[in-house]
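Structure first, then comments.
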Amino acid sequence: MKAIIVLLLTAIISTSTWAVNPIPASKLFRNPEHISMQISPDGQYILSYDIRDDYRVLDLVEPITGKRSPLLKFNKHEKNLNINQYTWIDNKTVYVALRDFYGFIHIDFSKENPKGSWKKAKAEGYLIAPLADKPNQLLFAYNTGKRKKTKLIKTSPEQLETGNVENSIIFANPLKRGIHYAYDPKSKSLLSVTRDDEELEFWFLPPGAKSWRSYLTMEDETYFRPIGLLDENTFAVLTDKDQDKVSLVAFDIDTQTIGNILYQHPMYDLTGATLDEQGEGVKSVMYLDHGIARTEYIAAEQKQLAQKLKETFDGQNLTILDTSLNEDFKIVATFAADDPGTYYYYDAKNNKATLLHRKFLDLEDILFTSAKTFSVTTEDNIAIEAILTKPKKNSNGVLLVYPHGGPIGVRDTAAFNPEIQYLASRGYSILNVNFRGSKGFGKAFLNSGRGQFGQVIEQDITAVVNQVQQEHKFEHMCSIGASYGGYSAVMLAIAHPAQYECVVSLFGIYDLPLLFNATNYRTLEESRKEIRKVVGEQDESLKDVSPFYFAEQIHPPILLMAGTEDKRADFEQANRMKYRLQQLNKEVEYLFYKGVGHGHHVWEGDRHMFGFIDDFIRRKLDLPLPTGEHADKSYAEDFINIADGYTLDMATKKDFARAAHYYNLSAGLGENRAMFTIGSFYHQGKEYDKDINKAIDWYKKSSEHGYAEASYRLANLYQKGLVIERDVDQSFLYFQKALEQEHKFGELGIATAKCLGTGTEQDLDACFNTLFLLDKTDKEKRAFEKEFFEEIRSAVNFISHNNTFNQEQLKQFNQQIIDSYELKTTNLYLDDIEFGIYKAENREPLVTDEIAIEDRSFTSVPLKKGATFGARLTVDTDDDVERWARTMVKYKWTLPEAIKEHSEEKTLLLSVGHDASIRFVLAQDYEIIEGDWRLQIMTLDNKVLFDKTFTTIESKNVSAVAP
Amino acid sequence: MDYFRRLILIALAILTASCASNVTSIKEDIDNKLEVDEGYLLIAVDTSISLNKIWISGEKDIWLTADDLRSGTNYILINLPEGEYQIHKIKLNNWFSIVGFEDDLWNFKVEKGVISYVGHLDVQTSGWWSRRHRVELMNKSSLALEFLQDDFSTILANRKLTYHGPGEDEFFDIVLNNNEKGDL
């Protein structure tokens, strides 16, 4: 196995020198398929929680063979079926908690394939901890249901499943106002937190003790994170209390004081620590070193392990995710800027690692760009850490200086970052700087960034930029950033106009006094105090570092992006900056996302945003598109993402001209949906003059490139013959093509053709089977979406109006409608009918049975948007049916010749003896023309019930016309 | 900190009726509305549901009415006597209102002869009968200015636009040449 690992690593190292290709945005900006893993107590199996297709799946994995046995599977769209917690209770039992309930999976290993059986538990509460040395036993916080009283019990899964927990052992008394209980297996102590108003109090209960001991009350903002008990009076705690950096210290419970420093890094804050299981002090500490997570092993035995891991994994960054009880087996994860996460099963005794899983399943063939971390010393002798991600080949010569947000208490790391990888794969080099104010470098470093907007922070960035430029000599340089980074990007460009050739500011701030005056609540002293801690004193000097007040000094082209619902960097910030820059005739572009806050909440937003950023920089710097294996595909996707933003109401303003431009770019690179959309623009006369021939050409091109929607559209256009000459053979061919291309309605198109015998031999049985779902069970029918049934109804309508059935065939077809729609009769006669123009307030919905007709003698319709006309009819039958029996009529609106393609052929479900309306609303711009609107209403047997023509004329000419 | 708890939802039945008069936004861009001691008030109401009324008390008590309070953003330009005003009550419907606008967070001034923009009143509630709601007065001066430039360019050309919303703001002074305008 070691050989395999070594081979795998060699492959990675050798291929990483290849040219990096543009990575499609959809591969980067998305959720990973893998969520988490846990190893069984004996180390023989792994639980793996993943997303596969539309499901969240909890699998049991045999690590050596990789064989997976699904234990639980939930639809990922069901929010209440998200697994919040899962834990091995013993080697055969797994605890699983979802949002509203929990239960246990009992795994049967007696057969060849392990099989899990799920049992939902009846007793309410939550797991405190499994008991490692006692199989089938666990500690549980049981909610008795009486006045929210909690009992802390030692119990079994079976007792919780049946709800029969009364005989369980009570192992501790609960705390009053206890909000959570946890268990420290090393010290076998119980831990808890109570809340009193806004104050949190921390407690622990050592083994054998009868009463809880309070060890901390949280009063201030000091970082304080207990790791575990060193002895019965001493906690190991990560804190920066009384010292500059977050360190691991001994905290004396009795005196409430900090004692020995157990570990302190000279440069970095600690991010985690573990204690030795045998109670012999610290096992390991974690921190971010040059943006890379490091684990330093303290105990001698652990140092040996670390050395073995380093050898096995060829020095990669790694972390141990989980360990078996005897520590012989582990799950190890490797990660880096160019490794989103790879998981291995590690056999410590034999020093063997087996690949288990990747965080993203389909990224293994993609070559990511690695990052280099380094330090620069400023003039005032402060070490500033920075990260440079530079493509090994295909660099476009552009350095993007990309400061992070915050600015206080945030930092950049050299971990995998989809934004950085997106840009690097397109040729950009990206520079991140952990300037003063960044976290992880101690309190003094963090505090030295406060009140330094546009000052020390940007000086730090510039010191790093100068060194990088000296070493690398980039041809172009732009600044880009989000939130504070957006502000910083603008300030850098102002301070160094000769260096920065473009600026991209995302969700940024530009007017610092506005931070204190953005809302009425922001004017309260308690709010302003918090703002001052970051920004500095609220005085006139803030204007000196607010680009809004000296926007005339911004020279390079600038792109502003923001969310209209941003309440952190208030949207007003971006809008007033845009206003001012436009007023000063600066070269500004902006894109404001509707309904978006301080960042996108759906990946589509990020894909669009970064596609636009790349396009903006290329346009401004006049850069060619990258070439390479995936370049066309990736840019086809980027351009269609940009185009969609202008049509789908994503940005604040729709812009079909720009949309058409980008759809054309995308189509030129082979994107079939873009070809279809261009066709639809010609079809609808949107942006281009209406041209059905060009529309058909684009639809055909799209269909040839595999777009099923284009094939289906063509099939319907040829079938209906309203805008092009009817060609049933062509229609059938395109229905077939749509089906081959897996169009969701393809089989309905084929069925329609078979009913009508158009382009194929008539086959009513085949048609009925598909159209009326005759071969489907009720369960299968329920699985179809509403949209599918609507398309069936549309097909039924079309066949009903356009068939050449003989009497027998018509009878058969109508019988299917009767059965399918549960009609009681179709033998109808007209009992009453009124027609005319409808009152405006009754415009919606189009067809209703609750209407009022304003003028019952008019067939002349005023030519204005919203004008509504039609008929209200009541049908009756000679059949012996119950009152208001369900029935159906068909009707047709034939529109004036110029817009005949929009004519409607429909059916209406109604009740015998109950009136119903069929109305037409002039809602579309193209409908505002003078002409004749003919309404025909018929029974399913083609008996004409009503036939009248309405005429639209300019309002001043409307006069009474005899019915 | 949850400031929004200060506002409460109550049933209207326990309140006495007010004698405030209904007002609707000026529709036409003609600068002929102001009496000698009056100024224009520009307020916007961003609301997640259509509201019934908003009571503004002060120099003159007025109700903003449903036509100006539809779901979305509503800009309301009205002429009012100069003086101090306060958001007093938001009627969600005939039965429920949001009240509790006691402190000066909800106060604003209307200045004589000018357009006083006092903010965007942001009303977010999950429904007419919901007890969960959030009300905030926000400074969106640039959006207000763009609205006036689009819809009331004549009045804007005649009158100084002044910020009288939360806190202080120099946006209008920087982007507009306010000094040349004033009382007519």
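The values are calculated or read from the model by the stated rules, or taken from the named source; none is laboratory data. Predicted model, so just to flag it, every value in this text is computed and none were measured. Heads up, the Cβs are rebuilt from the backbone with ideal geometry, glycines too, and the neighbour counts pull from every protein chain shown. Each accessible area value is taken on the protein alone, full model and side chains, heavy atoms only, with ligands, DNA and RNA left out. Shrake-Rupley method; radii C 1.70, N 1.55, O 1.52, S 1.80 Å.
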- Message: Rounded to the nearest 10 Å², what accessible area does A:Asp697 have for a 1.4 Å probe in the complete protein model?
- Response: 100
- For peptide A:246-252, compute the average count of partner chain beta-carbon atoms within 10 Å of each residue's beta-carbon. 0
- Mind checking which aspartates and glutamates have their C-alpha under 17 Å from B:Lys91, skipping anything on the same chain fewer than 8 residues away? B:Asp46, B:Asp61, B:Asp67, B:Asp68, B:Glu102, B:Asp122, B:Glu136
- Item | Label-point gap, in nm, between B:Asp29 and A:Lys67 - each point 7 angstrom along Cα→Cβ | 7.7
- Message: Antiparallel versus total DSSP beta bridges in region B:25-178: what percent is that, nearest 5?
- Response: 75
- Item | In nm, spacing of pseudo-spin labels at A:Glu589 and A:Asp632 (7 Å Cα→C-beta vector) | 2.4
- Note on the structure: Taking N as the number of residues in chain A, the ratio of its alpha carbon radius of gyration to 2.2 N^0.38 Å works out to 1.17
- Contour minus Cα-Cα distance for A:Asp832 and A:His902 (0.36 nm per residue): 22.4 nm
- Helix A:456-472: angle to the longest alpha-carbon principal axis of chain A, degrees 0 to 90, nearest 10? 90
- Item | For chain A, calculated [θ]222 nm from helices alone, where every DSSP H run of n ≥ 4 adds -39500 (n - 2.57) | -8500 deg cm²/dmol
- Message: Straight-line reach only, C-alpha to C-alpha below 22 angstrom: list the lysines that A:Lys27 could link to, leaving out same-chain residues fewer than 8 apart.
- Response: A:Lys76, A:Lys359, A:Lys390, A:Lys392, A:Lys393, A:Lys633
- Note on the structure: Heavy-atom accessible area of A:Thr951, protein chains in place, probe 1.4 angstrom, given in Å² to nearest 10, is 50
- Message: Taking each residue in B:115-122, count the Cβ atoms of any other chain within 10 Å of its Cβ, then average. What number comes out?
- Response: 1
- Query: In peptide A:541-554, how many Cβ atoms from other protein chains are near each Cβ within 10 Å, on average?
  - Reply: 1
- Task: Using label points projected 7 Å from each Cα along Cα→Cβ, tell me how many nm separate A:Glu761 and A:Glu780, to one decimal.
- Result: 2.4
- Query: By per-residue mean of other Cβ atoms within 10 Å, what is the highest-first order of A:705-716, A:789-800?
  - Reply: A:705-716, A:789-800
- Message: Can you pull out the trypsin sites (Lys or Arg not before Pro) in region A:53-154 whose DSSP state is coil and whose Cβ has at most 11 other Cβ atoms within 10 Å?
- Response: A:Lys111, A:Lys146, A:Arg147, A:Lys148, A:Lys149
- A:Lys686 label point, 7 Å along Cα→Cβ, cut-off 16 Å on backbone N: hits in region A:705-730? A:709-710, A:713
- Query: Buried accessible area for the A:B pair, summed, 1.4 Å probe, in Å² rounded to 100?
  - Reply: 2300
- Message: What is the percent carbon and sulfur in the accessible area of the protein assembly as shown, measuring with a 1.4 Å probe over the protein chains and ignoring ligands?
- Response: 46
- Spatially close lysines, pair count over region A:855-959: Cα under 14 Å, gap of eight or more or interchain: 7
- Round to a whole angstrom and tell me the spacing of the C-alpha centers of region A:676-707 and region A:561-594. 35
- Message: Quick check on packing: order A:635-645, A:497-507, A:320-330 by the mean number of other C-beta atoms within 10 Å, highest mean leading.
- Response: A:635-645, A:497-507, A:320-330
- Please name the residues of region A:575-619 whose accessible area, counted over protein heavy atoms with a 1.4 angstrom probe, falls by no less than 40 Å² between the chain alone and the full protein assembly. A:Asn575, A:Arg576, A:Tyr579
- Message: Quick check: with the 1.4 Å probe, what order do A:Trp893, A:Trp118, A:Trp212 take by accessible area, largest first?
- Response: A:Trp118, A:Trp212, A:Trp893
- Note on the structure: The set of residues whose placed amide H lies less than 5 Å from the amide H of A:Leu910, leaving out same-chain residues fewer than 5 positions away, is A:Thr887, A:Met888, A:Val889
- Message: Over region A:371-631, with the other protein chains present, what is the accessible area per residue in square angstrom, probe 1.4 angstrom?
- Response: 34
- Item | Partners for A:Lys186 among aspartates and glutamates (Cα-Cα distance below 16 Å; same-chain residues under 8 apart left out) | A:Asp133, A:Asp231, A:Glu232, A:Asp276, A:Glu277, A:Glu280, A:Asp322, A:Glu327
- Centroid-to-centroid separation of region A:29-75 and region B:101-158 [C-alpha atoms, Å]: 53
- Query: Cα axis of helix A:672-684 to longest principal axis of chain A: angle in degrees, 0 to 90, nearest 10?
  - Reply: 40
- Item | Hz values of 3J(HN,Hα) by residue in region A:701-713 - Karplus curve (6.51, -1.76, 1.60), Gly and Pro given as x | 4, 5, 4, 4, 8, x, 8, 4, 5, 5, 4, 5, 4
- Message: Please list, by residue number, every one of the GluC sites (Glu not before Pro) in region A:376-422 that is coil in DSSP and has at most 16 other beta-carbon atoms within 10 Å.
- Response: A:Glu379
- What residues have an amide H closer than 5 Å to that of A:Ser903, excluding those fewer than 5 places away on the same chain, when H is modeled at 1.01 Å from N in the peptide plane? A:Leu895
- Message: Which residues belonging to region A:507-529 lose at least 40 Å² of 1.4 Å-probe accessible area when the assembly is complete, relative to their chain isolated?
- Response: A:Asn517, A:Thr519, A:Asn520, A:Tyr521, A:Leu524, A:Glu526
- Message: Multiplying the sequence separation of A:Glu537 and A:Glu232 by 0.36 nm and subtracting their Cα-Cα distance, what value in nm do you get?
- Response: 105.1 nm
- Would you mind putting B:152-163, A:680-691, A:425-436 in packing order, based on average other-beta-carbon counts within 10 Å, highest first? A:425-436, B:152-163, A:680-691
- Message: Per residue, how big is the convex hull of region A:371-631 when only Cα atoms are used? Give it in Å³.
- Response: 129
- Item | A:Gln467-A:Lys948 FRET efficiency (beta carbon distance; Förster radius 60 Å; 0.05 resolution) | 0.10
